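What follows is a short report on a single structure.
The values are calculated or read from the model by the stated rules, or taken from the named source; none is laboratory data. These figures come from a predicted structure and were not determined experimentally. Backbone-built Cβ (ideal geometry, glycine too); neighbour counts: all protein chains shown.
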Amino acid sequence: MSDIPPASQDVVGDQPIALEDVVDRDALDDLCKSIHALFGIGVRVYASQGALLANVANELELCRYINEVPGSRAACGATVSAAKSVAPGDDGEVTHPCFTGLAYHIVSLVHEGRRVGRIVLGPYAPAGLREPPPSLAETDKRLDVVQASELAAKVPRVKQEALQRIAGHLKETLELIIFSSHKAWVTSKLHLYSVRESYRELQDKTTRLEQTLTRLKEVDRLKSNFLATMSHELRTPLTSIIGYSEMLAEGIAGELAPEQQEYVRTIHAKGEQLLRLIMGLLDLSKLESGTMSLRQAPAQIGPVLNEVITTLAPVARKKDVELAIDSDGVPCELAADAERLRQVFINLVDNAVKFTPKGGKVTVRARVTEGPALSGGGDDDDDSAGAVLLAPLLKQVEIRVSDTGIGIPAAERAKVFEAFYQVDSSSTREYGGTGLGLSIVKRIVDAHGGQVSVEGNEPNGTVFVVTLPSAQTRRAALPSRVPPALA
Amino acid sequence: MQLNFAAREVAIKLVYYGPALSGKTTNLKALHELTKADSRGRLMTLETKDDRTLFFDMLPLVFKAETEGGAMNLRVKVFTVPGQVVHASTRRLVLQGADAVAFIADSQVAETENNAASFLDLRTNLKELGRSMRDVPLVIQFNKRDLPGVRTDAELDELARRGKEPVFKASAVHGQGVMESFFGLLERAWRKLDAEHDLRSKLGIQPDEFLAKAASSLGYEGKARMLCDAHVGGARSGKAGA
């Protein structure tokens, strides 16, 4: 069940609004000033609880005089507070008389059928007023009625209907402002609550996804364990098959007829092939489960590559493929398992030779470059900051194995590192292989903190690019660019 | 519902739900047009510039009714929800505390799936709010009867017979069926509230009397029964509390 905040009920419920909350006081003051400037009548706006929100009035001379006489001042105070609280009746409009003969006109402000405040106009002199009423003299004996009458005569006369028109107009304007302000209030509140609600939903989903991910990782681990165990179990009987077929082929159990010899050699060769596949699976599962231990030691890439070339030169010669190396002095110390690195490049170079037709060329090129944090990707400004400090730590070795073979379509390039993936997966495919080699390559390179990717080679062929961070870079443990979720 | 005994005030919340562009806002605008000015408040619409409802629309209807127990203030707030799928959380926010729901369906045959999807969305959202279709009075309006490519009356009648909710036919742009749907909804909301809160003894007003007063306040003197009954189907549920 959704835990929508109860406060959001107010927005879509039926809570009375408070005028103070929805109307900007300065704006209200400006509006009242303009009405006052136009008609010369004082304007006050009160909220329903009596708070004065706007007060624009020039004190009349009559009022000033009255306020000098104590008894009259008290009567004036009583009149003003009555105007503030008198019930405006069913029509929402009432005229409240002052003891001076002047009057106040009071109009209710209504929003969604509720009275939310009032406008008090005045004091003004009603059109018919000639003489102040006796009530004026009664307030204090000290009051000079003649002077008061003279001052009262100076107050401008306002016709009742004109006043009602002004009041009606002001009421309408103010109610519009209240409506608009309330609408804006509702909009912003609801927007806020909607965002919160969406956020909550997203959080729920994220939690569910995280749980699923944890479960999947566990399943994946079990799968790798299973693979490791099975590979081991498969290897044991296979060793016997290979061993005995080899002994048979060597004639230890007696001379074989040529045909028998051929069959036994086939059994032996296929047994070896199967063993390689199983070893590959074992490697993969070890790498996946993280149980393969890398013996990391100071290493240089040069000797590793030379050894790879020496190993594969006969294969290349047999296929009439030119195999070249360009790795003169790559002065960059790596922290790496040289044996595993050899496995990586045997795999890559062997592949390159395999997919390169007769007369083609395979080149292995190594050089020292600067790390990805300096050479691009991501926000430029961010990456170039502090280069002078970081550059020495970002050295890496880049090895490019390029061939002039059949190439890999751009769309397939990212997938070739997936286990068992073959670009040509048809049963009649031209080139053999288990589809494990590249995924092992990728995992070993990953384990070294490096990266491997595929590019096209112009005009045809493929380039595998392996980058390996320098030992110094790895020691400095610069923040990895690999998102944590994939780590 | 919010019931304020001291002020003898009852506030009812009605929600118009339905798929995008089925005419919920149009219904509210028509309702605004068709009711007496002194009983209706300003129509609050929160639309984007392409006429799609962004958050909701709201029309307050406020009127007084003299009852045996004295004068009573009745406040009905009619809301629409934004129909577009992306506004799911807003729909849920607007839906909370609804006393009754009018589902505005688009009569066009091509909209059948959208109607159903929106209805399921309504059900899901009510559930999220801890409520169920059973305890929220519902009427269904098939809008846009004036358009071509709509379900025929006969088809609707047949469908309505199979469902338990009353079905109103409307063409909100022309103001047809709008008041009928509204009164049908108000009646069901009130009967439900009356049954739950015993309003007839607390406020001294019978449901039929309430409806008659509401109708006359909104400018439909003596027409409450006729408007409420202008639907097809809805027989199976009977008239709760009547």
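Some observations on this one:
- Qualifying position, being among the β-branched types (Val, Ile, Thr), on the phi < 0 side of the Ramachandran plot and modelled with pLDDT under 70, among A:Val423, A:Val321, A:Val368: A:Val423
- In the stretch A:149-161, the residue that is farthest from A:Ile35 (Cα to Cα) out of those that are surrounded by 13 or more Cβ atoms within 10 Å (Cβ to Cβ) and not charged (D, E, K, R) is A:Ser149.
- In summary, helices (runs of 4 or more DSSP H) completely within the stretch B:149-242 and bearing 1 or more residues that are in contact (Cβ under 8 Å) with a residue 40 or more places away in the chain and basic (Lys, Arg) occur at B:153-162, B:178-197, B:199-202, B:207-217.
- Matching option when the condition is surrounded by fewer than 18 Cβ atoms within 10 Å (Cβ to Cβ), within 29 Å of B:Leu54 (Cβ to Cβ) and more than 14 Å from chain B (Cβ to nearest Cβ), among A:Thr206, A:Thr214, A:Thr187, A:Thr173: A:Thr206
- Filter result (in a strand (DSSP E or B) and away from chain A (no Cβ under 14 Å)) within the stretch B:77-136: B:Ala100, B:Ala102, B:Phe103, B:Ile104, B:Ala105, B:Asp106, B:Gln108
- Residue in the stretch B:44-52 that is assigned to a strand (DSSP E or B), buried (at least 22 other Cβ atoms within 10 Å of the Cβ), within 13 Å of chain A (Cβ to nearest Cβ) and in contact with a Ser or Thr (Cβ under 8 Å, 6 or more places away or on another chain) present: no
- Boolean, A:Ser8 is in contact with a Leu (Cβ under 6 Å, 6 or more places away or on another chain), modelled with pLDDT under 90 and more than 29 Å from B:Asn4 (Cβ to Cβ): no
- Identity of the residue in the stretch B:9-26, touching a Phe, Trp or Tyr at 6+ places or on another chain (Cβ under 6 Å), of a type outside the set (D, E, K, R) and within 27 Å of B:Asn73 (Cα to Cα), that ends up farthest from the other protein chains (Cβ to nearest Cβ): B:Tyr17
- Taking residues in the stretch A:157-181 that are among the small types (Gly, Ala, Ser), and partners anywhere that are modelled with pLDDT of 90 or more, the pairs with Cβ atoms closer than 8 Å and at least 6 places apart or on different chains are A:Ala167/A:Glu93; A:Ala167/A:His105; A:Ala167/A:Val107; A:Ala167/A:Ile119; A:Ala167/A:Leu121; A:Gly168/A:Val107.
- For the stretch B:66-76, taking the residues that are surrounded by 20 or more Cβ atoms within 10 Å (Cβ to Cβ) and more than 9 Å from chain A (Cβ to nearest Cβ), the one that is modelled with the highest pLDDT is identified as B:Val76.
- Once the stretch B:134-151 is narrowed to residues that are of a type outside the set (A, V, I, L, M) and within 17 Å of the chain's Cα centre (by Cα), the residue that is surrounded by the most Cβ atoms within 10 Å (Cβ to Cβ) is B:Gln141.
- Selection within the stretch B:98-133 - over 18 Å from the mean Cα position of the chain (by Cα) and polar (S, T, N, Q): B:Gln108, B:Thr112, B:Asn114, B:Thr124
- Qualifying residue in the stretch A:337-351 (condition: modelled with pLDDT of 85 or more, part of a strand (DSSP E or B) and among the aliphatic types (A, V, I, L, M)): no
- One residue from A:His105, A:His36 being more than 50 Å from the chain's Cα centre (by Cα), closer than 18 Å to A:Leu174 by Cα, more than 14 Å from every other protein chain (Cβ to nearest Cβ) and surrounded by fewer than 19 Cβ atoms within 10 Å (Cβ to Cβ): A:His36
- Taking the listed residues A:Arg130, A:Arg118, A:Arg73, the one that is among the basic types (Lys, Arg) and more than 19 Å from A:Ala162 (Cα to Cα) is A:Arg73, with no other qualifying.
- Total residues in the stretch B:221-242, condition crowded, with 20+ Cβ neighbours inside 10 Å and at pLDDT 90 or above: 4
- Test: residue in the stretch A:195-204 that is among the hydrophobic types (A, V, I, L, M, F, W, C) and touching a strand residue (DSSP E or B) at 6+ places or on another chain (Cβ under 9 Å): no
- Residue in the stretch A:352-369 that is surrounded by the fewest Cβ atoms within 10 Å (Cβ to Cβ), counting only those that are touching a helix residue (DSSP H, G or I) at 6+ places or on another chain (Cβ under 8 Å) and not in a helix (DSSP H, G or I): A:Lys358
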